[in-house]
Structure formats: C-alpha cells, structure tokens
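K.L.:
Before anything else, here's the structure in question.
The values are calculated or read from the model by the stated rules, or taken from the named source; none is laboratory data. Every value quoted in this text rests on a predicted model; they were computed, and no experiment measured them. Cβ coordinates were reconstructed from backbone atoms using ideal geometry, including for glycine residues, and neighbour counts include every protein chain displayed. Areas reflect the complete protein model, heavy atoms only, side chains present, ligands, DNA and RNA absent. Shrake-Rupley method; radii C 1.70, N 1.55, O 1.52, S 1.80 Å.
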Amino acid sequence: MRVVLLGPPGAGKGTQAQIIAGHLGAPAISTGDIFRANVSGKTELGQKAKTFMDAGDLVPDEITVAMVKDRLAEPDAKAGFLLDGFPRTIAQAEQLRASLAELGNGLDRVLELVVDEDELVRRLSSRRMLVDGEWVQRSDDEPETVRHRLQVYREQTAPLSGFYDGEGLLARIDAMGSVEEVTARALEALGRSPQAGPQAGE
Ligand code: AMP
C-alpha cells in the first residue's frame, strides 16, 4: 500500500508511522528524519536544510522533492511505503502524484491525524529526543518556533486535506487518546485489523 500520513507537528505522526508501517510491512519514510540525519552528518543537503529547519520553515520544494524521489526509487519502497511529513505543500503533492503516475502507481490512502491546537502545543513543549544517551529538546520544539511551525502548517500544509479529499483518498483520524487507540483507528481506515501483522507479498 502507498500511504501518506498528514497532520500538524505534535500530532504523533512519527510514532504512528513506525507502528502502521510495521503492520503494512512497508518502510516508514520521514522527510524530517532524513533531513535531521543529513544535518548531523553535515552533508551538503543537511547544510542547505538546516537554516530552514531551525527557523521552523519548510525546506524549499525542489530540495525536498528531489530527496523523496531518490528515496522512493530504493528497492524497499517499490511495493509500498508510508510517507510521514511529505507532502507538506500542494506543489509537493502534485509532484508526488506525477512521479507515481510515471511508474503507473498512485496513492491508496491519505490519513490525516487530527488533534486540537492546545494539545499540540502541550505535546511539543514536553517532547524530548534521546541523543547520545541524553534526553534533549529538538531546537525547533522551542515555544516560539513551535508557534511558527503551526502557522506554517495552517498556511501551507492544511490545504492538502481538501486536495486529497477531492481525490477521494482522505481519511480523518481522531488522534486524541492513547497511541494504541489512534493506531487502531488508523488501521481501521486502511482496512487492516490491529491483530494482523504484515501481509505476505506487500
Ligand atoms: P518533522 O520532523 O516532520 O516535523 O520535520 C522537521 C522539519 O524538517 C520541518 O519543520 C521542515 O523544516 C523540514 N521538513 C520536513 N519535511 C518537509 C517537507 N515535506 N517539506 C519541507 N520541509 C520539510
């Protein structure tokens, strides 16, 4: 299955992406994780992306789209994938549609995780990552940057909900509640049972 996970920062996309991808037997591809790995590895791509990320802005479409195209061309993504954090603009969505169409493919479903904004701010300000054995706050999770990221989401990414609804692909998932509850709702929208593991041939 080819699935996109949409949702604002703090909605739990990363956590759900890993779990759902496990059920689908497909790779979870997170553009944020790929960018962060490039920033830590001090690659050319990382250097280009860092200023935008630190400011809570989107990395320009041409950089992001080229990176995703390369990733989707890897063998593990041939039969399916779950994209986490991409697309984030209508232009990215159009480019994704065009690249999949070139291969005779298309998306099967788009899941939008829906959480109210007070809860997002609460989750992001208490979120920590484990780096070299220490729990640290992501630099873009600081309160001012969080506010800016939410605004960027409302302006540039939220319109994707209507875009994919128009294509008949959108399922809106209530993402308040426990991780397990949200996973169960997402799997139901994908027509999967939470008990079943990855299915052969996918
Ligand atoms: P995330 O981990 O998904 O919250 O992404 C962290 C940061 O990476 C974002 O705030 C953006 O700066 C950048 N980023 C991730 N995905 C994209 C994308 N699809 N388009 C542009 N920038 C992105």
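K.L.:
Tell me, which residue of the range 25-57 that is within 14 Å of the chain's Cα centre (by Cα) and of a type in the set (S, T, N, Q) is nearest to the ligand (Cβ to nearest atom)?
P.N.:
The residue in question is Thr31.
K.L.:
Return the residues of the range 132-142 that are within 20 Å of Ala49 (Cα to Cα) and open to solvent by less than 80 Å² (accessible area, probe 1.4 Å); say none if nothing qualifies.
P.N.:
The answer is Gln137, Arg138, Ser139, Asp140, Asp141.
K.L.:
Scan the range 45-64 residue by residue and report those that are in contact with a helix residue (DSSP H, G or I) (Cβ under 7 Å, 6 or more places away or on another chain) and open to solvent by 60 Å² or more (accessible area, probe 1.4 Å).
P.N.:
Hits for the range 45-64 are Lys48, Lys50, Asp54, Asp57.
K.L.:
Can you tell me which condition Pro60 does not meet? The list is (1) more than 15 Å from the chain's Cα centre (by Cα); (2) in contact (Cβ under 8 Å) with a residue 60 or more places away in the chain, and all the others hold.
P.N.:
So the condition that Pro60 fails would be (2).
K.L.:
Inspect the range 83-93 for any residue being of a type outside the set (S, T, N, Q), farther than 16 Å from Thr157 by Cβ and in contact with a strand residue (DSSP E or B) (Cβ under 7 Å, 6 or more places away or on another chain) and give the result as yes or no.
P.N.:
No, the conditions are met nowhere in the range 83-93.
K.L.:
Leu96 - would you say it is at pLDDT below 90, within 13 Å of the ligand (Cβ to nearest atom) and part of a helix (DSSP H, G or I)?
P.N.:
no
K.L.:
Filter the range 81-102 down to the residues that are open to solvent by 30 Å² or more (accessible area, probe 1.4 Å) and touching a helix residue (DSSP H, G or I) at 6+ places or on another chain (Cβ under 9 Å), then identify the one that is nearest to Asp33 (Cα to Cα).
P.N.:
Restricting to residues being open to solvent by 30 Å² or more (accessible area, probe 1.4 Å) and touching a helix residue (DSSP H, G or I) at 6+ places or on another chain (Cβ under 9 Å), the top hit is Arg88.
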